[in-house]
Amino acid sequence: MYGVRVLVGTRKGAFVLTSDEKRQEWQVDGPHFAGWEVYHLAGSPADPDRIWAAPSTGWFGQMIQRSDDGGRTWDAVGNDFSYASAVGEHQWYDGTLRPWEFSRVWHLEPSPTDRDLVYAGIQDAALFRSSDGGVTWEELRGLREHSSGPKWQPGAGGMCLHTILLDPNNPSRMTVAISAAGVFRTDDSGATWRPINQGLLSDGIPSAAAEVGHCVHKLAMHPSRPDTLYMQKHWDVMRSDDAGEHWHEISGDLPSDFGFPVVVHAHEPETVYVVPITSDSYHFPPDGRLRVYRSRTGGDVWEALTDGLPQENCFVDVLRDALAVDTLDECGVYLGTTGGQVYASSDSGDTWTPIATHLPAVLSVEVQTL
Amino acid sequence: MTIRVALPTHLRQLAGCDKEVRVDAPPTQRGVIDALEQQYPALHGTLRDPATGRRRSFVRFYACEQDLSHESPDSTLPAAVIEGTEPFRIIGAMAGG
């Protein structure tokens, strides 16, 4: 098959949407894991038939499921995310200290080259790696054990590690983001880590420019320019051109610089997309109009993309992993909403079409280009 | 010893099994769950926290119209469960509206 497979995680199961390269007609398959919350699914770039999913429930905990046939059938793999060492304590919402406790997997990041290698970001924040296709998981504990750990605190959704960027040019380098701790980078394959938050300013913490404590919502990177990172922070859209050493704001003329996801165009490293949300208490788009904003200048100057998106009475949210791109020649862009809609654009965001309209609340959207 | 075990929907779906299954196990909660996880590896970690080994908060164990959730995991199950006239029931606690 030549086309696109969209992996949709929702509050009540997972869905697999497929189309040919025209992206006009879509087949919806699901729900898989009906009734389970699926925070994320991710396909292996090294073997697109291999897909991981992270279903969980409040009753029965976390599962990891793996498909080796493109999402048609699934099998349980390992789900033991026990921390590798004695857990320390982190900040709780009321300023007290609380021990680290596993609650769920937020994000799966497969290796681009090894079908058996996959990383998992979890709550309470830690990074795990499996090198046997998900059967066993090992914590890269140097991150959780970082000396700043007692200053980390949960965002509204929990203290989650939600972003894992693998540097395509440097296998020893990984960058992760934690809400609300900030961005951390390793240059020795996960043994040691350091915070890279210089330039971030957050009014919601005692020292606005603190080393850690920032509520980073998502990072994005184009594989051809791994030193350029984009960030949607709780407030502010940010950019770094030195692999996170320094950040500067690129919110420019956005109608709100609060939001969750950020992605980069597949073929244009200076074209970046965000979805402005009114505020941290109003989790819906400004003016009830769902608009994706695109910058073709790497930030600061943004244009609203509205054609095909609801422009009145729209009060849904778009969560941090619910915006994605494909890599076809004309880049496709996909977003999912908490109202259960998935919209697709096959022309870099100029026009949009709903490809699923009545799903459970969408938590994540990932795209495989086949 | 063969124990009848009734499973909730989520776990039946996960294990790909019927509502009620039979496991050969020592007649204790621990014995039954160990055997269940061995027979259906997909259920590993769904009833007990892998880190602590404790029953998950929203998982309940019932049998013979009694709540056995707070019994010791090594307590002997009721005679009717051992004799096979009653199932050991695993329940997702009532929650979610």
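The values are calculated or read from the model by the stated rules, or taken from the named source; none is laboratory data. On a predicted model such as this, the values are computed, not experimentally measured, just so you know. With ideal geometry, Cβ positions are generated from the backbone for all residues, glycine too; neighbour counts draw on all protein chains shown.
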Original post:
Going by the structure shown, is A:Arg320 crowded, with 16+ Cβ neighbours inside 10 Å and modelled with pLDDT of 95 or more?
Top reply: yes
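Select, from A:Asp20, A:Asp68, the only residue that is more than 11 Å from chain B (Cβ to nearest Cβ), surrounded by fewer than 20 Cβ atoms within 10 Å (Cβ to Cβ) and closer than 27 Å to A:Gly349 by Cα.
A:Asp20
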Of the residues in region A:143-163, those that are more than 11 Å from A:Val216 (Cβ to Cβ) and either in contact (Cβ under 8 Å) with a residue 60 or more places away in the chain or crowded, with 21+ Cβ neighbours inside 10 Å (or both) number 12
The correct count of residues that are at positive phi and surrounded by 16 or more Cβ atoms within 10 Å (Cβ to Cβ) in region B:13-55 is 1
Given the conditions (1) in contact (Cβ under 8 Å) with a residue 12 or more places away in the chain; (2) surrounded by fewer than 23 Cβ atoms within 10 Å (Cβ to Cβ), every one holds for A:Gln27 apart from (1)
Among A:Val362, A:Val367, the single one that is at pLDDT 95 or above, in contact with a Ser or Thr (Cβ under 8 Å, 6 or more places away or on another chain) and hydrophobic (A, V, I, L, M, F, W, C) is A:Val362
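Residue-wise test of (1) modelled with pLDDT of 95 or more; (2) closer than 18 Å to A:Leu140 by Cβ.
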{"residue": "A:Ala180", "(1), (2)": "no, no"}
{"residue": "A:Val183", "(1), (2)": "yes, yes"}
{"residue": "A:Thr192", "(1), (2)": "yes, yes"}
{"residue": "A:Ile196", "(1), (2)": "yes, yes"}
{"residue": "A:Ser202", "(1), (2)": "no, no"}
{"residue": "A:Arg225", "(1), (2)": "yes, no"}
{"residue": "A:Thr228", "(1), (2)": "yes, no"}
Cβ pairs under 7 Å, 6+ apart or interchain, first in region B:53-73 and within 14 Å of chain A (Cβ to nearest Cβ), second hydroxyl-bearing (Ser, Thr, Tyr), ordered by first then second residue, are B:Arg55/B:Ser69; B:Arg60/B:Ser69; B:Phe61/B:Ser69
Region A:30-120: strands (runs of 3 or more DSSP E) wholly inside it with 1 or more residues that are within 22 Å of A:Leu140 (Cα to Cα) and within 22 Å of the chain's Cα centre (by Cα) are A:37-44, A:47-57, A:65-67, A:104-110
